[in-house]
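First the structure, in the form of structure tokens, and then the observations on it.
The values are calculated or read from the model by the stated rules, or taken from the named source; none is laboratory data. Fair warning: this is a prediction, and the values are worked out from it, not measured in the lab. When we count neighbours, we look across all protein chains shown, and the Cβ atoms used for this are built from the backbone with ideal geometry, even at glycine. Heavy atoms of the whole protein, side chains included, go into the accessibility calculation; ligands, DNA and RNA do not. Shrake-Rupley method; radii C 1.70, N 1.55, O 1.52, S 1.80 Å.
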Amino acid sequence: MVVDDHPMWREGVARDLTEAGHRVVATSGEGRQAVRVAAAARPDVVVLDLQLPDISGVEVIRGLRAVLPEVRVLMLSASGEQQSVLDAVKAGATGYLVKSAAPAEFLDAVRRTAAGEPVFTPGLAGLVLGEYRRLATDGGARSGRDDAAPRLTERETEVLRLVAKGLSYRQIAERLGLSHRTVQNHVQNTLGKLQLHNRVELTRYAIERGLDD
């Protein structure tokens, strides 16, 4: 699903996605409408603009996650400001790409978002990981470690550690000598055990437990 208030841009993105083999189930130019339409259309991925005429993209993310907890959101925005990125990720965005990205970069970001990988415009990934570390430090000081956390296998822990370092599934597969599909399966199993929804939440979980060192 594509959500953007500029008709030409919205139609252009939808056309590029269709030509690349993706099925665009809906488009919308307003935030509230987007949430209503998404509830019916049930997209796997939403490409979402940050600035909309009625409500902000961050509010749309919260609305989408309320009606479709498993939906993955790729922010596609003209703004690369740090606070905008952090607000989007905290609300539940899987990735954040600026509109100046090349078409090939955008299509790759959509594919990776659909696979549950966090995708960020170069230079923003470190910012997001840094913020997670800060939040984890603050949260750990208040609540301490969770000793009752579900037990992961040695391989799941190994994959989780590399996820926390920001490696892509392909990079993890190459490093561990596994197939891309096997890495995906390990991540999905870990998400299920930890009752998390996506790789962004998994990264934060790993950082909270010091697995990114």
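One table, with the values for the structure above:
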{"read-out": "Region 21-104, accessible surface, carbon-and-sulfur percent (1.4 angstrom probe)", "value": "47"}
{"read-out": "Relative packing of 91-98, 35-42, which averages over residues the other C-beta atoms within 10 Å, highest first", "value": "91-98, 35-42"}
{"read-out": "Proximal lysines to Lys193, defined as alpha-carbon separation beneath 25 angstrom and excluding residues fewer than eight positions away on the same chain", "value": "Lys90, Lys165"}
{"read-out": "Kirkwood-based Rg to Rh ratio, region 1-75, C-alpha trace", "value": "0.93"}
{"read-out": "Inter-label distance, nm, simple model (7 Å from Cα along the C-beta direction), Ser179/Asp5", "value": "4.7"}
{"read-out": "Most to least accessible of Asp54, Asp44 (protein chains only, probe 1.4 Å)", "value": "Asp44, Asp54"}
{"read-out": "Percentage relative contact order, region 38-111, counting C-alpha pairs under 8 Å, at least six apart", "value": "31"}
{"read-out": "Loop-located GluC sites (Glu not before Pro) in region 56-99, at most 13 other Cβ atoms within 10 Å (DSSP)", "value": "Glu70, Glu81"}
